[in-house]
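Take a look at the structure below.
What follows is calculated from the coordinates using simple rules that are stated; it is not laboratory data. Bear in mind that the values here come from a model prediction, so they are computed numbers and not experimental data. Every residue, glycine as well, gets a Cβ built from its backbone with ideal geometry; the counts of neighbours run over all protein chains shown.
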Amino acid sequence: MAIENTNPTQRKILDIFKKLQLDDSIQLSHMAICMALIGEFLKNQGMGSFRITRKMIMQNSQVKSLSTYHKCIKDLVNKNIIIYSPSYHPRLGSEVQFV
């Protein structure tokens, strides 16, 4: 598939993968969490920001450690892959947006 023939959602996902591929410090856990986030992004039809819960992302990414989850989210924010706005509300969920 030629990049110029992609829709905006596909282009956004390709950009995310390119950022991840170019960064040597990205580990498997980062990729797993990012894939879970992309899944939620797609469920939201690729529209801007979307809401997540830690439980949902840890389950979908198969990351078992709370510290690994938080480290990966922090790293993805610091690497300008996502914008993360915590809600501290158990049902509302945190807001995430891909940069």
**OP:** Rank these for me by crowding, His30, His89, going from fewest to most other beta carbons within 10 Å.
**Re:** His89, His30
**OP:** Give the label of the value calculated from the structure for semi-axes √(5λ) of the Cα gyration tensor in Å, choosing from (i) 22, 17, 11; (ii) 44, 20, 11; (iii) 30, 17, 13.
**Re:** (i)
Original post:
So which helices of the chain fit the span-like rule, where a helix is a whole DSSP H run, its Cα atoms reach 15 Å or more along the axis, and its mean Kyte-Doolittle is at least 0.0?
Top reply: 28-43
Subject >> Length-normalised contact order for region 29-99 - Cα pairs under 8 Å, 6+ apart - percent >> reply: 36 percent
**OP:** Starting from the exponent 0.38 and prefactor 2.2 Å, build the expected Rg for region 1-40 from its residue count and divide its actual Cα Rg by it.
**Re:** 1.25
**OP:** Quick one: order Leu20, Leu76, Leu42 by neighbouring beta-carbon count within 10 Å, fewest to most.
**Re:** Leu42, Leu20, Leu76
Subject >> Whole-angstrom Cα spans of region 60-99 along principal axes, big to small >> reply: 26, 22, 16
Original post:
Could you put Ile57, Ile16, Ile83 in order, starting from the residue whose Cβ has the fewest other Cβ atoms within 10 Å?
Top reply: Ile83, Ile16, Ile57
